[in-house]
Structure formats: C-alpha cells, structure tokens
Amino acid sequence: MEKGPSQRAEGFTESVIREMTRLCQAYNAINLAQGFPDFDPPDRVKSAASRAIRQGYNQYSTTHGVPRLRQAIAHKMSTYNHVPCNADDNVTVTCGTTEGMIASLLALLNPGEEVVIFEPFYENYGPDSILSGAKCKYVPLEEPGFEIEEEKLKGAFSRKTKAVILNNPHNPTGRVFTRHELELIRDLCMDYDAFAITDEIYEHILYDDRKHISIASLDGMENRTMTISGFSKTYSSTGWRVGYVIAPKKLTLAVRKVHDFSDGLRPHTPARSVHNRSETPTLLLSGPPSPIC
C-alpha cells in the first residue's frame, strides 16, 4: 500500500472561506465569505505600528506575549468581561484567535473525548477538534432566532464530553446568547465535569442594545472556561494576527507549551501596536474606537 497523508488530514477539507477569498480575488468579486473590512485600522493604531517599527520592536518577542500587553489584556478581562485575570497566570498571547482555538483544544483534549459544537459554526472548530483527536457532537441552533434548544443540548452531553465550543456573539448568525442560555451551558458543564471553550472575537460588535456576557464570569465557570479573543475584528486589523487565550493557571501552562512548539512567537510589532507604548496600557483594549462598530 502506498503511503500518503495522515488519517487526520483526510478527515476534513481545505478552508471553504479562504477558497472563496481566492476566487473573489481572481474574478474581482465582492467577498462576503471572509470576515475582514474594506477599510484600514484607526489612525492611532497604524501610528502605533509605525512607531513600534522605528523603536526597534522587530525581532523575537516573549513567547506568550510581552508583559505590558498581557497586563492590559488582564485588566480588560477583569473590568469589561468581569472575569478575574492575572497577566502571569492566565494570559497567553497567540497568533490570532485561530491559533488560540487550536492551541486550546490541543492543550485540553485527549483522543476519543467528545466536543459539543453548535451548528452552524465557524469552519475551524470541526477540523481543530479532529486534529486534537476528539469526536464532534453537533447541536443545531433553533431557527429562526438561532436559539439553544435545551433538550437537544442536554442530549449531546455525556460522560465522554470534555468541552463545548461556544462562539459568542455567534458567527455566522450574529446571535448574542442570553444569560439564560449561558447558564444552561454552565449547568451542563458542571454536571458532566466539562469545559467551555469560548470564541469571543466579536464581543464589541453589538447592536440593538444587546449585551455581551462572558460565560467565564458566571458562578462556577471561572475554572472551567478557556476564553479566546483578539484584536482583528474590533480594530480592522485581520492581517496582524494578535489574539489571546484566558484560562486557569494549569490550562494556561498547557496552552503555552502547545503554543511554544506550534506557532512559537507573537508578531512583535503588531503586539506592541495594540497596546501602544505611549498611552495607558488599557486604552486600546477598552472597546471599539469610533467609527468601527
């Protein structure tokens, strides 16, 4: 038998989203597939990037994120997300939320364990789980409002369940999950000794007076949640690849080991830009600048 690709790689396809972007570029089409804007980051962010280059931040940086940025992220998590956070024990800066998700899954999951994923879902979650050796259990959201149906979610959990992936606000539907829905997930995680892995990259893009709630802020979830977010969407800088993972200390150590030997280092100049050395460390983390969002 001729040797070839691994069974893991045969378990999923190439990215449909990125293929649509290549086709749009080839045919000069309007791209509605991939989540990036048609305008640049705010001037103050671009100026910070330029200043970081001139000041010499062009080489390898601290593997899991420069201290000043991690401190700013920890402050933002504590004040905006209401999740207690320590820069040294709980924050890992990653190459965008995409790397943050695969690093989190590889750090948490063992082969054969199960991951609950809501449908529809951002396409990376399935392949990331497969690469981690886990089995996916899909739970469709109820149309037309894309709400969580309690009995379907309960039916997906078992003693094999290690984690549930929650994208909030939700891509692609835009749903902002309610406190009641988050409490349902919380209760199941506690009943089955499972973790929530949350992708909160759209946390500042809210409409109609909706409020974003991080599930890690709920009672009982601080040590059962890996919160993933970043700067790409809020600051229109999808090419800069700066994200982060917030996790309990033990899981943070595991994430950092995976991160060290997969991606390894953060883009230094963009990382410096998003916290801006000339301003207070929380300025660019406190919310979206006008006119974004």
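Name the shape class, rounded, prolate or oblate, that the alpha-carbon gyration tensor gives for region 69-265, where a ≥ b ≥ c are the square roots of its eigenvalues, rounded holds for a/c under 1.5, and otherwise prolate holds if a/b is larger than b/c and oblate otherwise. Rounded, because the longest to shortest axis ratio a/c is under 1.5. Scanning the chain for chymotrypsin sites (Phe, Trp or Tyr not before Pro) in DSSP loops with at most 14 neighbouring Cβ atoms within 10 Å leaves 61-206 as the longest stretch between them. Pick from Ser61, Ser217, Ser262: which residue has the top mean-square fluctuation in a GNM of the chain where Cα pairs under 10 Å get a spring? Result for the chain, Cα springs under 10 Å: Ser262 fluctuates most.
The magnitude of the dipole of region 141-196, with charges of +1 and -1 set on the Cβ of Lys/Arg and Asp/Glu and taken from the Cα centre, is near 320 debye. For the chain, the longest piece that avoids every one of the trypsin sites (Lys or Arg not before Pro) found in DSSP loops with at most 10 other C-beta atoms within 10 Å covers 4-158. Taking the Cα centre of region 69-265 as reference, the dipole from Cβ charges on Lys and Arg (+1) and Asp and Glu (-1) amounts to some 600 debye. Ordering His75, Leu106, Ser132 by Cα displacement along the dipole of the chain toward the positive end leaves His75 in first place; charges were set at the Cβ atoms of Lys, Arg (+1) and Asp, Glu (-1).
Of the GluC sites (Glu not before Pro) found in region 1-65, those in coil by DSSP whose Cβ has at most 13 other Cβ atoms within 10 Å are Glu2, Glu14.
Near the amide H of Thr94, within less than 5 Å, lie the amide hydrogens of Gly243, Tyr244, Val245, all on another chain or at least 5 residues away, with H placed in the peptide plane.
Farthest toward the positive end of the dipole of region 69-265, out of Gly145, Ala196, Phe118, is the Cα of Ala196, where the dipole comes from beta carbon charges about the Cα centre. Of Ile17, Ile165, Ile130, the residue with the greatest mean-square motion in the GNM of the chain, using alpha carbon springs below 10 Å, is Ile17. Largest mean-square fluctuation among Gly230, Gly133, Gly239, in a Gaussian network model of the chain whose springs join Cα atoms under 10 Å apart, belongs to Gly239. Sorting Asp208, Asp43 by the number of Cβ atoms found within 10 Å of their own Cβ, with the fewest placed first, yields Asp208, Asp43.
No value in this document is a laboratory result; all are computed from the given coordinates. These numbers were taken from a predicted model, which means no experiment stands behind them. In this analysis, Cβ positions are derived from the backbone assuming ideal geometry, glycine residues included, and neighbour counts consider all displayed protein chains.
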